[in-house]
1. Of the residues 195, 228, 199, 168, which single one is buried (at least 17 other Cβ atoms within 10 Å of the Cβ), touching a residue at least 60 places away in the same chain (Cβ under 8 Å) and either on the phi < 0 side of the Ramachandran plot or in a helix (DSSP H, G or I) (or both)?
2. Return yes when residue 178 is surrounded by 11 or more Cβ atoms within 10 Å (Cβ to Cβ), modelled with pLDDT of 85 or more and closer than 22 Å to residue 119 by Cβ and no when it is not.
3. So which residues in region 18-66 are modelled with pLDDT of 60 or more and either surrounded by fewer than 12 Cβ atoms within 10 Å (Cβ to Cβ) or touching a strand residue (DSSP E or B) at 6+ places or on another chain (Cβ under 6 Å) (or both)?
4. Tell me which of these residue 221 doesn't satisfy, since it passes every other one: (1) out of contact with any helix residue (DSSP H, G or I) (no Cβ under 6 Å at 6 or more places or on another chain); (2) within 27 Å of residue 136 (Cβ to Cβ); (3) not in a helix (DSSP H, G or I).
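The values are calculated or read from the model by the stated rules, or taken from the named source; none is laboratory data. All of these numbers come straight from a predicted model, not from anything done at the bench. Using ideal geometry, Cβ is built from the backbone for each residue, glycine included, and neighbour counts are taken over all protein chains shown.
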């Protein structure tokens, strides 16, 4: 069963020529015979990945089964294993597939730096609003990854580490580019590595949290606009350094001591 995210197939009506072009009706060469199985294998793997994305996204990794994935594609459980070897390997392939989808619209297929990174994050949130299945799969697997022995734990941990580094580097680039245009030096302690790492973690947390809220109640949360608002607010606060306002500063109510 195809999902709404699958590519649409268009039909083209053409006039059949009286004389077929060269090669039509002839026996396929060894090269063309080799290309067909490879193309068929790639297409089948793509179908399995899409089905696994739906199954893991709706039921989670542990509750979703390879039998369900196979049924959606119209093959056997053994057929899934033939292409991916194991359920764990299929999960890793789904996670890699998710990463490829994230950058498929980018030039060079890689995440940009500087202020362009934050524009990319806002664009990603806008694109994600139209691909619920991918967002749901990521959210479910990220939540499951905190449990002991989950096969996605390493991927999620590494992803957060890399993304924090990318965002902190982009913030650092933005800080120094702004200082250069103003003819200033960067000597604000609030623009050091610790502060920028804190801002990077906050951006990731806000984006992931908004995705969870949107999945549960899409009518109440505009994923694109809310993500843009949060990213711009954190970015502005980070770039302000020591000049940023602190509306929550001061002593608040003291929570009661827990009872035994």
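1. Going through 195, 228, 199, 168 in turn, just one is buried (at least 17 other Cβ atoms within 10 Å of the Cβ), touching a residue at least 60 places away in the same chain (Cβ under 8 Å) and either on the phi < 0 side of the Ramachandran plot or in a helix (DSSP H, G or I) (or both): 228.
2. So residue 178 does not fit the description; no.
3. 37, 38, 39, 40, 42, 43
4. Among (1) out of contact with any helix residue (DSSP H, G or I) (no Cβ under 6 Å at 6 or more places or on another chain); (2) within 27 Å of residue 136 (Cβ to Cβ); (3) not in a helix (DSSP H, G or I), residue 221 violates only (1).
Each row is one residue, and each column tells you yes or no for (1) more than 15 Å from the chain's Cα centre (by Cα); (2) closer than 28 Å to residue 225 by Cβ; (3) in contact (Cβ under 8 Å) with a residue 40 or more places away in the chain.
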position: 54; (1), (2), (3): no, yes, yes
position: 58; (1), (2), (3): yes, yes, yes
position: 62; (1), (2), (3): yes, no, yes
position: 69; (1), (2), (3): yes, no, no
position: 93; (1), (2), (3): no, no, yes
position: 117; (1), (2), (3): no, yes, yes
position: 134; (1), (2), (3): no, yes, yes
position: 144; (1), (2), (3): yes, no, yes
